């Protein structure tokens, strides 16, 4: 719950920092990856702050950039991109600098999130989520003596059922 509250406060702080002319004063507009927040997240945000929200989802980084380049920059108050595209978005003027004086909790970030290669000093970004992609398997299907291996993906004889992969070339190459 603390993490959810921190995220709500961060979104509220971001909402407050942008000029009133850039958005409807009573609505926070968010563009975010699908399935990146619980379904009741924005309902709780409204309950906690009294501010309505409109959430729009995107399925790929290319879709995100295309929406912003097609005039969406002025349509969103908070945008949640992946780290690798942020530098490009900055160069394309698709992001606005943050006003750190209105985001005092940025000082509480873990050091690894304060000076990233894609946004040194967090001029344009504040972290929302962090994670990594891994390989999971069902020991009941593969057996307790199974040793995790990429053979599961490349050697059909190793499979004892379906293999599911994320539909994202960046993660799959990794």
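A compact table of results
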read-out	value
Among residues of the range 50-74, those that are surrounded by fewer than 17 Cβ atoms within 10 Å (Cβ to Cβ), at pLDDT below 90 and part of a helix (DSSP H, G or I), counted	1
Filter result for residue 107 (within 18 Å of the chain's Cα centre (by Cα) and either under 30 Å from residue 26 (Cα atoms) or surrounded by 10 or more Cβ atoms within 10 Å (Cβ to Cβ) (or both))	no
Test result for residue 128, under 23 Å from residue 36 (Cα atoms), modelled with pLDDT under 90 and surrounded by 13 or more Cβ atoms within 10 Å (Cβ to Cβ)	yes
One residue from 164, 79 being touching a strand residue (DSSP E or B) at 6+ places or on another chain (Cβ under 8 Å) and without any contact (Cβ under 8 Å) to a residue 60 or more places away in the chain	79
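The values are calculated or read from the model by the stated rules, or taken from the named source; none is laboratory data. The shown structure was predicted, so the numbers you read here are calculated from the model rather than taken from an experiment. Virtual Cβ from ideal backbone geometry, glycine too; neighbours counted across all protein chains shown.
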